Structures are given as C-alpha cells and as structure tokens.
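The structure appears below as structure tokens.
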Amino acid sequence: MADALLASAGKPIELDGVSRVWGDTIAVDAMSVGIEAGSFTALLGPSGCGKSTTLRMIAGLESVSQGRILIGGEDITERTPSKRDLSMVFQSYALFPHLSVAENIVFGLKVRRVARAEREERLKRVADLLGLSGMLERKPAQLSGGQQQRVALGRAIIAEKPICLMDEPLSNLDAKLRHEMRVEIRALQRQLGFTMVYVTHDQVEAITMADKVVLLNNGRLEQAASPRELYERPASPFAARFIGTPPMNLFPVNAFRKVCSAPDFQLGIRPEALRLERGGPVSASIRSVEYLGADILADCEVADTPFQVRLPTSERIIPGQSIELGFELDALHVFDADTGRRRDDLVTEFGARLRS
Amino acid sequence: MSAKPSMTSRREWIYGWLLLLPAMVLLFAFTHVPAITTLLNSFFSTPRGRRAAKFVGVENYDRMLSDPVFWKVFWNNVWYAVGTIPVSIALAIAMALWVNDRLAGRSFVRMAYFTPTVLPLIAVANIWLFFYTPGFGLFDQITGYLFGWPSSNYLGNTDTALVAVMVVTVWKEAGFFMIFYLAALQSIPLSLKEAAQIEGAGRWTVFWRITFPLLMPTTLFVSVNAVINSFRLVDHIFILTDGGPDNASKLLLFLIYEVAFRHWETAYAASLTVALLVILSLLAIGQFYFVDRKVHYK
C-alpha cells in the first residue's frame, strides 16, 4: 500500500545527436539513443568513455555542446537541473554532512515547501521501505557505507520523480553488499515504476539489472540493446569483448588455413561455446589451465593467436597437450575488420569452410 | 642491573628538557613572566624617583572603574568590534565566493583582495590618511564632484572619527579572512552543490542551507581571531587620529600605551592590561562555548 503512494509513472528520455566538447577533446560524440518510460537502462563502458558526462548532461549539470535532450517529449536541453523533474544518486552519495538522515532525505521537499505533515508521512514511508527508521536522527558520518547508500536512495525516491539517474552508485561498496544493493535497487525500480538511467563500468551490474544496456566507447554509441542481445549478437568486436567473462575470443580469419582467402575479417567464439570434439575444426595446443571449481578455463593457442576455452572438469587436460575443439554454427560471430561491424551474412560460409 | 634502565630513562628525561629549553626560555621571558609581573604590578603604586612602589590593593582598579576615559574607551572598543567583525566576515565570505567561481583572471583578483593583508598597517594608514584629507582627499573629491558636498573632516569629527578608523580595519582584515574562507570553500565537494541543485535549491538556498553551515568551523576560527585583533591592532590609530578628537577613536590598547608610556603611570597601565586580558579570555571562552555546539566538524 505504501508503494502505491510513492509510485511515479516514468517518462521517456530521448538523446538526439548529443555532443559534449571541451576544446579539442570530444567527450560525447553525436549520441542518439531512446530510453523508454519506466525502463531500467544502463550506460556501460570503460572509464573515460563518456557515460558519466552523458548522465550529467541528462541531469543538466553539464551543458550540451550540440544536439537535443527530450524528456517526455519536451525539449529540456536548456533547462536547469531543478526544472527537469528528475532525481539523482551520486557516486560519492553527496549526503549533506551537517544534516541528519531525516533532513537529508526531505531536503528537496523542504526546498519546494511541501507541507510539514506530508513531509513527515512520506519520510516515514521511505524510511520503512529502505529500513532506515531506526537511524533518522543520525548524521551521515555515523552510518556505514551501505546505510549511506540507502539514505542517498531515499533522497532520490521521496519526491516521486518520473526519472532517477544513478552514477556508479555501488562502486564504493564491498562485493557482498554490492550484490544485495543490486537486487534491492532493481526491485525498488520495478516497484515504483520510474525510469532509471544507471551508469556503470561493471558489465555484470549492467547485464543483471538493466532492461536495456547502452554500451559506449570513446564517446560513441557502440550498441544499445537488451542484455541478451548484447551477449548473443554483439554488434562489434569491442562489444563482443566487453560483455562476458572471460571475453569472447577473436581470431583474424587467416589464423585458420581453411579460410585464409579472406584476411579482412575477424571470427569470434565465446570460451563457453567451444567444446572438445574429436576431429573438430579447431585444433589447438594448451598452454596453461585454470581450475575454477565448476569448470576449467584453459589458455590455448591456434596459429599464434591465444584464446580461452571453458571446459567441464570431467575432462583431464594438461598443459602442452593438443586438443581438437568444435562449436555450433550459431555460436560463430563474424566481424568486418575494416568497418568493425557484424556480418551475419558470412557466418554460414565461414562456418562451412572451417568445418570442411 | 636495575640501575641501567633508570639511567637511560633519566638521560631521556634530560634530553626532553633540553629540547624544550629554548622555546621555554623564550616563552617565559616574553610571555609568562611579564604577564605575572603585570598582574602583581597592578596591585602596587607607580614607583617614582626614590619613592619605591608600595602595595595599594585594588586602588588601581577602583580608579579604573570610576575613570570616565576608561569607560569611553571601553565602549569605543565594543562598537569598534561590533562594527568591524560582522562586516569584514560578510565581506570575506562574499569575496571568497566570488573568487572561488570560475572567472577570467581570478588569481589576479585573489591577489588584489589579499594585498591589504600584506601591506604594513602603518603604510596603509598613511594611504588612508590621504583618502580622508579634508578638501583634496579622495573621498572629498568624489563626494564633491558627484554630489557637490562641502569638504568634511572625517578624522577630525567626534561623530565620524571612529567610523573612519573602522572602515580602514574592515578593508585591512576582509582580505585576510577571505583566504581562510577560500580554503574552506575548496574543501566542500562540488557534488553537494549539484545534489542540492537537482533537489531544486537555488543559489541562495544552496548558500544558506549547505555552504554557510559547512563554513561554520572557519567562521568560528575567523571570529575568534577577529575579536582578538579588534583589541590588539591599534597601529593605524597612531597615524590616523592619535585617539582623538576628545577620545572619540581611542581603543583600549591605545589607552594602555598612552597611560604607560606617555603619562608613565605604569601601575595603572598594568591594571588596564589585566582588564583587557580578562575581557579577551571571557570573549574567547564564550565564543567557543556558544558557537561550538552549532558547528559541524568533519
């Protein structure tokens, strides 16, 4: 019942050719992407790829050099942060150190002159929802990292804004707490129904939480897709190697003599898609073996190209051994080495040549 | 066997005292001994020629409490503190906020604001003496040109002398305090301001609800210093007004100097000094006691 009152209908966000330029450096380069209302979208990429800058431009903390940002169909490119009707959780949490937990959470309501009775009521609801009821009078410095994180969340959700932005909110927590908060934030977003834009450099976080992952590289949009599609059909070698642990194996096509006719393509196969197969198309020598408990990760080499295979522990594998590997045809990815784009039309041809 | 550890511990003990000695000698010679001597002298009469000082009890203090000049100077000093401290602190914060922003040539502006602090107060007073000069001083030229006011003698008028001295003090102190505020402002994370902005706070709200409370430790430090300075810095009075006219711009320390080294009434000066010390300690203790509870320390 509490949630019905806190719930807020999300609004869609649209980036239309948005760029951010500082002098000679282009932090974000003509990015166009749509974010659906009520969805959980992760902005993913290595550090320095422009994901935080993109988020800050949506928030209005960074000005847009070119392009437009639309929220709920309205152009808000020139509006101040407070006029964009959104909330934000910062990486450092940005809690006000001199205010108590309660004062921190209701800060925005107080600024907007929400009546005292309503403030108290909402505070109680948020505190119950996040398990903060016992510590409302404490100062942020007296809380643990996880509790501070919850206060920051509380401040973001109390105003029931249609959009919530988060900038690497879990990066200061330890591994166990991070997992708990991941589940909790996801559940909270589903429950309350706002649109979430979530910045992270951790692909596991993005894959497990998001409906849609926007993968960035060097300020450019690499791929925007659901986690499943990103894993199964990466649009570029970068996307292929960024998603999945260990990353996808990429071979220059001439690593296999059978298909050496076309040197300007890259072949990709995930380590978990390879299996031992007597007489299989890939014959490799094992260089080292990592025992992971559930399975084995073997470092192999074929024609001077190193790659990895995930194998069941039932197989006895030792370094120096030669093995033959096979894979399903639809596990093969082909990328154009010049354009860096995916070439699904060539999969059958190359697969057949490899197997012949 | 048992003598050995005690030998080494005694040696360490001697080293310890030897290391403390230089600082201690200076402290005692120039601070503690004079302070105690002053306190003792204040209960004796002033020695003159062959007549040695004799114990007079609280006679000097009686004289002080019934001395109209003392009370005049005491209230002067109160008004001087009340007038200069809030204004220079407010100015210091305003200047610090201004030069903390991204603006072209801000290091030049910072330097310009800090310059009055670097200049010797005596030199500063001489410059201001020219500003205040009746007829052709800077102020008279400006007011005469703009509003056609007649020439006025700001330093020679009992109504304006103290205010004129206060203006110089504010001008001198604000830049110094600005440096402390600038350092404090730079230690406040930018994300706090951004978080407040997203929550809908305007510049004014951000300042009063976030920045100012986080500057409180600095404000406490600066205000304690400002209070002490308001009783301690009197160099410019020697140049500007010499305490006049009719004691209108005389401050406590200036009075002490006058009584001690112009009238050579050292015993009475000693009791005035004790009074000054008592006032200063009460103020400092009071400030820490009242303000400290409202200050948030990181």
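The values are calculated or read from the model by the stated rules, or taken from the named source; none is laboratory data. Being a predicted model, the structure only gives us computed values, none of them experimental. Here Cβ is always computed from backbone atoms with ideal geometry, including for glycine, and neighbour counts include all displayed protein chains. Accessible surface areas use protein heavy atoms only, side chains included; no ligands, DNA or RNA. Shrake-Rupley method; radii C 1.70, N 1.55, O 1.52, S 1.80 Å.
Key figures
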| quantity | calculated |
| --- | --- |
| Members of region B:64-90 found to be charged (D, E, K, R) and surrounded by 16 or more Cβ atoms within 10 Å (Cβ to Cβ), listed by number | B:D67 |
| Residues being part of a helix (DSSP H, G or I), more than 23 Å from A:G72 (Cα to Cα) and under 28 Å from the mean Cα position of the chain (by Cα) - total across region A:82-109 | 1 |
| Given (1) farther than 30 Å from A:K110 by Cβ; (2) surrounded by fewer than 20 Cβ atoms within 10 Å (Cβ to Cβ), index of the condition B:M216 fails | (1) |
| Selection count where residues are among the polar types (S, T, N, Q) and over 23 Å from A:M31 (Cβ atoms), scope region A:190-226 | 2 |
| Residue in region A:220-234 that is within 15 Å of A:L332 (Cβ to Cβ), assigned to a loop (DSSP other than H, G, I, E, B) and without any contact (Cβ under 8 Å) to a residue 60 or more places away in the chain present | no |
| Criterion: within 25 Å of B:V78 (Cα to Cα), in contact with a Gly (Cβ under 6 Å, 6 or more places away or on another chain) and modelled with pLDDT of 85 or more - qualifying residue of B:F254, B:F177 | B:F254 |
| Criterion (buried (at least 18 other Cβ atoms within 10 Å of the Cβ), among the small types (G, A, S) and out of contact with any Pro (no Cβ under 6 Å at 6 or more places or on another chain)) met by exactly one of A:A115, A:A127 | A:A127 |
| Among (1) free of Cβ contacts under 8 Å to residues at least 60 places away in the same chain; (2) away from chain B (no Cβ under 14 Å); (3) among the charged types (D, E, K, R), the one test that A:R112 misses | (2) |
| All strands (runs of 3 or more DSSP E) inside region A:1-44 with 1 or more residues being modelled with pLDDT under 90 and outside the structural domain of A:R125 (by TED's automatic domain parsing) | none |
| Failed criterion for A:V151 (all others in (1) open to solvent by 20 Å² or more (accessible area, probe 1.4 Å); (2) out of contact with any Phe, Trp or Tyr (no Cβ under 6 Å at 6 or more places or on another chain); (3) outside any strand (DSSP E or B) hold) | (1) |
| Of the criteria (1) assigned to a loop (DSSP other than H, G, I, E, B); (2) closer than 28 Å to B:N41 by Cβ, which one B:A248 fails | (2) |
| Answer residue from region A:70-81, given it is within 14 Å of chain B (Cβ to nearest Cβ) and assigned to a loop (DSSP other than H, G, I, E, B) and is nearest to B:R209 (Cα to Cα) among those | A:T80 |
| Given (1) out of contact with any Lys or Arg (no Cβ under 9 Å at 6 or more places or on another chain); (2) under 22 Å from A:L216 (Cβ atoms); (3) open to solvent by 10 Å² or more (accessible area, probe 1.4 Å), index of the condition A:A9 fails | (2) |
| Given (1) outside any loop (DSSP other than H, G, I, E, B); (2) surrounded by 15 or more Cβ atoms within 10 Å (Cβ to Cβ); (3) away from chain B (no Cβ under 14 Å); (4) modelled with pLDDT of 90 or more, index of the condition A:E121 fails | (2) |
| Scan of region B:186-223 for residues that are more than 9 Å from chain A (Cβ to nearest Cβ) and not in a helix (DSSP H, G or I), ordered by number | B:S187, B:I188, B:L215 |
| Breaking point among (1) charged (D, E, K, R); (2) away from chain A (no Cβ under 14 Å); (3) in a helix (DSSP H, G or I), for B:D159 | (3) |
| Count of region A:147-170 residues which are in contact with an Asp or Glu (Cβ under 8 Å, 6 or more places away or on another chain) and more than 12 Å from every other protein chain (Cβ to nearest Cβ) | 2 |
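So that you can scan it fast, the table gives a plain yes or no per residue for (1) of a type in the set (G, A, S); (2) farther than 14 Å from B:W171 by Cα; (3) assigned to a helix (DSSP H, G or I):
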{"position": "B:Y113", "(1), (2), (3)": "no, no, yes"}
{"position": "B:A125", "(1), (2), (3)": "yes, no, yes"}
{"position": "B:F136", "(1), (2), (3)": "no, yes, no"}
{"position": "B:F139", "(1), (2), (3)": "no, yes, yes"}
{"position": "B:G144", "(1), (2), (3)": "yes, yes, yes"}
{"position": "B:S151", "(1), (2), (3)": "yes, yes, no"}
{"position": "B:L155", "(1), (2), (3)": "no, yes, no"}
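Yes or no, residue by residue, for (1) within 20 Å of A:Y231 (Cβ to Cβ); (2) open to solvent by 20 Å² or more (accessible area, probe 1.4 Å); (3) hydrophobic (A, V, I, L, M, F, W, C):
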residue	(1), (2), (3)
A:Q308	yes, yes, no
A:E315	no, yes, no
A:L325	no, no, yes
A:A337	no, yes, yes
A:R343	yes, yes, no
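Residue-wise test of (1) part of a helix (DSSP H, G or I); (2) closer than 25 Å to A:S47 by Cα.
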{"position": "A:G146", "(1), (2)": "yes, yes"}
{"position": "A:P169", "(1), (2)": "no, yes"}
{"position": "A:N172", "(1), (2)": "no, yes"}
{"position": "A:E180", "(1), (2)": "yes, yes"}
{"position": "A:Q191", "(1), (2)": "yes, no"}
{"position": "A:V197", "(1), (2)": "no, yes"}
